[in-house]
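In what follows, a single structure is set out as structure tokens and then discussed.
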């Protein structure tokens, strides 16, 4: 997988030869200054690199093809400094395979009322040059992001930064490999899906890796390899159990899984408690640790959520919130209705607040020895829960806004990590909307990303996006689903 810090975004500026060499020199000078200013702002998570001022169809096509073939280029930002006739852009835009952002800005923030003349007007024409460009993008039905405002404004820079994160998710997706230890949980519908369609839309390669191969790798590990990782556990966490052998066994699973995944250049994986051939425990602590290191994971063979988690972890790079595989487990329906989120074992420690303990307790499922797992309570704050489902004729992403709160009380007998949240606008509306939309019980919970990050990612991939938030009205929401069915079936 390509290092995240190797990505950049290409900045292409439109003009035409009509204005002469001196005007084009100023256009390039101003454009380079804009790029330098945006990069110095500290508000962009990735670097923008000036590409060129393009003035004819061949130059535009060359710039787009150069961006396409550079594996480090995660997207293209385009701006019209002057008027640039849009028919020149057709071939280049039809060739572009990367996410596109149209920056509708201007070099000068204010009109110089005492100095403005025709030369100034000819040079600073974004007000109608960008409209010409916007028309051809609309005519070509291009998915793109439009951001308006002066390039020094924090609101503009933050919008660009948000789009960049979505574009990085899309770029990472093109090389993403997911390994499935066993198949999907038997008879479960929502964790199934069309792997071919997922590769077409996102680039995800979803492969099968026999559990027996994992078991053999576990058995082949040396005691030194296991003890080294076990000592790391002891230095980082409170081990709240006398069954240290069970904890060491999770170290075996983690080490073996990491070897297998790294050897296949995979950053996502799924497991299934119904298929543990050769394993003494269901992976618990091991899966949590690997998520904490950046691997995407989901249980019960849910490869879609595993891949989504891997993507979202890279989209949130440099942000502090954290994200995790999650499941709506049970409700608190008294007074302020809340959701208790958890899973049998596997919640990511990146969302933990306070002490993390490792315990060994019976699981009651999987027919194996009691597994070691991390126990903790999550941080609080605004978050999103995201689900990706297969509607048969399309993929649908559902994103719900939630407010993570302190647990209502200590739960001394709960043997897993826990998260408690209030869905927006309320549990009744949110859960009904989620169920009408077909949302899964598995999600990715993120404290860093927002619905807008995921909307941009879905737009880049060409999939349906559904948002449930503070303004959701259930009747309007149901009507929007009916309209979406009609629209997407006719695409």
Footprinting proxy, 49, 109: sorted fewest to most Cβ within 10 Å, the residues are 109, 49
For the residues 104, 332, 277, what sequence is obtained by ranking on other C-beta atoms within 10 Å, fewest first?
-> 277, 332, 104
Which length gain, in nm to one decimal place, applies between residue 56 and residue 25 when the Cα-Cα distance is subtracted from 0.36 nm times their residue separation?
-> 9.6 nm
Return the calculated 222 nm mean residue ellipticity for the chain, to the nearest 500 deg cm²/dmol, obtained by summing -39500 (n - 2.57) across DSSP H runs with n ≥ 4 and dividing by the residue count.
-> -12000 deg cm²/dmol
Global form of the stretch 4-173, assessed from the alpha-carbon gyration tensor, a/c cut-off 1.5 = oblate
Share of Cα-Cα pairs in the chain lying beyond 30 Å, as whole percent = 52 percent
Find how many whole Å separate the alpha carbon centroid of the stretch 134-196 from the alpha carbon centroid of the stretch 1-68.
-> 22 Å
How many percent of DSSP beta bridges within the stretch 177-489 run antiparallel, rounded to 5?
-> 65 percent
Taking the stretch 58-141 as the region of interest, what is the percent of Cα-Cα pairs per 10 angstrom bin, listed from the shortest bin to the one with the maximum distance?
-> 16, 44, 27, 11, 2
Across 10 Å bins from the origin, how do the percents of Cα pairs in the stretch 369-491 run, short distances first?
-> 12, 39, 30, 14, 5, 0
Shape call, the stretch 288-362: gyration tensor on alpha carbons, a/c limit 1.5 = rounded
Stretched fully, the stretch from residue 331 through residue 238 gains (0.36 nm per residue minus C-alpha distance, one decimal, in nm) 30.6 nm
In degrees between 0 and 90, to the nearest 10, how far off the longest principal axis of the chain does helix 474-489 point, with axes built from Cα atoms?
-> 70 degrees
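What is the order of 328, 275, 175, fewest Cβ neighbours within 10 Å to most?
175, 275, 328
By its C-alpha gyration tensor, with a ≥ b ≥ c as the square roots of the eigenvalues, how is the stretch 273-418 shaped: rounded for a/c under 1.5, else prolate for a/b larger than b/c, else oblate?
Judged from the Cα gyration tensor, the stretch 273-418 comes out rounded (a/c under 1.5).
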Roughly what would the spin-label model give for residue 127 and residue 488, points 7 Å off Cα along C-beta, in nm?
-> 4.2 nm
At a Förster radius of 60 Å, what calculated FRET efficiency corresponds to the Cβ-Cβ distance of residue 65 and residue 481, to the nearest 0.05?
-> 0.90
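Each value in this text was obtained by applying a stated rule to the coordinates, not by laboratory testing. Keep in mind that this is a model prediction, so the values were computed, not measured. When we count neighbours, we look across all protein chains shown, and the Cβ atoms used for this are built from the backbone with ideal geometry, even at glycine.
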